[in-house]
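Colleague: Shown below is the structure under consideration.
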Amino acid sequence: MLYDLDNDIGETTNVSASNPSVVSELMNHINWARNDIGDGVTIGVNAR
């Protein structure tokens, strides 16, 4: 989910469908972090 907090502080409207480039950029960051440090299932290459 993606929200426009400047105009929707209550987080009532998901704007991800109308902002695919933002979602794509955020997913790239998430995938990088998963590979680097891992998540709840996967151990990343730099996990301690």
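Each value in this text was obtained by applying a stated rule to the coordinates, not by laboratory testing. Just so it is clear, the model here is predicted, and its values are computed rather than measured. Backbone-built Cβ (ideal geometry, glycine too); neighbour counts: all protein chains shown.
Colleague: How big, in percent, is the set of alpha carbon pairs in the chain lying more than 17 Å apart?
Modeller: Tail of the P(r) past 17 Å holds 50 percent of the pairs.
Colleague: According to a simple spin-label model (label point 7 Å from Cα along Cα-to-Cβ), what is the distance in nm between residue 13 and residue 45?
Modeller: Modelled inter-label distance: 4.2 nm.
Colleague: Along the positive direction of the dipole of the chain (beta-carbon charges: Lys, Arg +1; Asp, Glu -1; about the Cα centre), which of 9, 42, 24 reaches farthest?
Modeller: After comparing all options, I get 42.
Colleague: Can you tell me the orientation of helix 20-37 relative to the chain, as the angle in degrees between its alpha-carbon axis and the longest Cα principal axis, to the nearest 10?
Modeller: 20
Colleague: Turning to a different aspect of this structure: If the chain between residue 34 and residue 2 were fully stretched, how many nm would it gain, using 0.36 nm times the residue separation less the Cα-Cα distance? Before the final figure, lay out each step's value.
Modeller: Details: separation 32, 0.36 × 32 = 11.52 nm, distance 1.96 nm.
Residue separation times 0.36 nm, minus the Cα-Cα distance, leaves 9.6 nm.
Colleague: To the nearest 20 debye, what charge dipole does the chain have about its Cα centre, counting +1 at the Cβ of each Lys and Arg and -1 at the Cβ of each Asp and Glu? Walk me through the intermediate numbers first.
Modeller: Numbers: 2 positive and 7 negative charges, 69 e Å.
Magnitude of the dipole: close to 340 debye.
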